[in-house]
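Visitor: Quick one: the structure is below, and I'll ask about it shortly.
No value in this document is a laboratory result; all are computed from the given coordinates. Everything quoted here is computed from the prediction, not taken from an experiment. Quick reminder, even Gly has a Cβ in these numbers, built from the backbone with ideal geometry, and neighbours come from all protein chains shown.
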Amino acid sequence: MSGQGRPCGDRGEWMAVGEILRILADEDGRPLPRRTWQQWRADGKAPPAIRLPNGQLRIRRADFEAWLAGLSEPKEEP
């Protein structure tokens, strides 16, 4: 069980990279390029991830949402 009382296998808790790339699509609906994601990871600009034994990455949904919220630009004062 995870710390939130949900089983570790709960599919809502973890996100695959492809899902994140689709969420970060441009205004025309094209997913974020995988190479951009890889560069962000190399530069330490992506949310933390785990690598599964098969080599695929998974990102905890809460970490992704916190990372995304942290990218918000500050509101301008009137």
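Visitor: At 0.36 nm per residue, and after removing the present C-alpha to C-alpha distance, how many nm does the segment from residue 40 to residue 76 gain when stretched out fully?
Guide: Going from the current span to full extension adds 10.3 nm.
Visitor: If contacts are Cα pairs under 8 angstrom and at least 6 residues apart, what is the relative contact order of the chain in percent?
Guide: 27 percent.
Visitor: Follow-up question, since we're still on this one. What does the charge add up to near residue 20, with Lys and Arg as +1, Asp and Glu as -1, over the other residues with Cβ less than 12 Å from its Cβ?
Guide: +3
Visitor: Given H placed on each backbone N at 1.01 Å, which residues far from residue 15 in sequence or on other chains put an amide H within less than 5 Å of it?
Guide: Hits under the 5 Å cutoff: 59, 60, 61.
Visitor: Quote the charge dipole size of segment 14-67 about the Cα centre in Debye, to the nearest 20; the model charges only the Cβ of Lys and Arg (+1) and of Asp and Glu (-1).
Guide: I would put it at about 300 debye.
Visitor: May I ask you to evaluate 6.51 cos²θ - 1.76 cosθ + 1.60, the Karplus curve with θ = phi - 60°, for each residue of segment 27-40 and list the ³J(HN,Hα) values in order in whole Hz, giving x for glycine and proline?
Guide: 5, 8, x, 7, x, 4, x, 4, 5, 4, 4, 4, 5, 4
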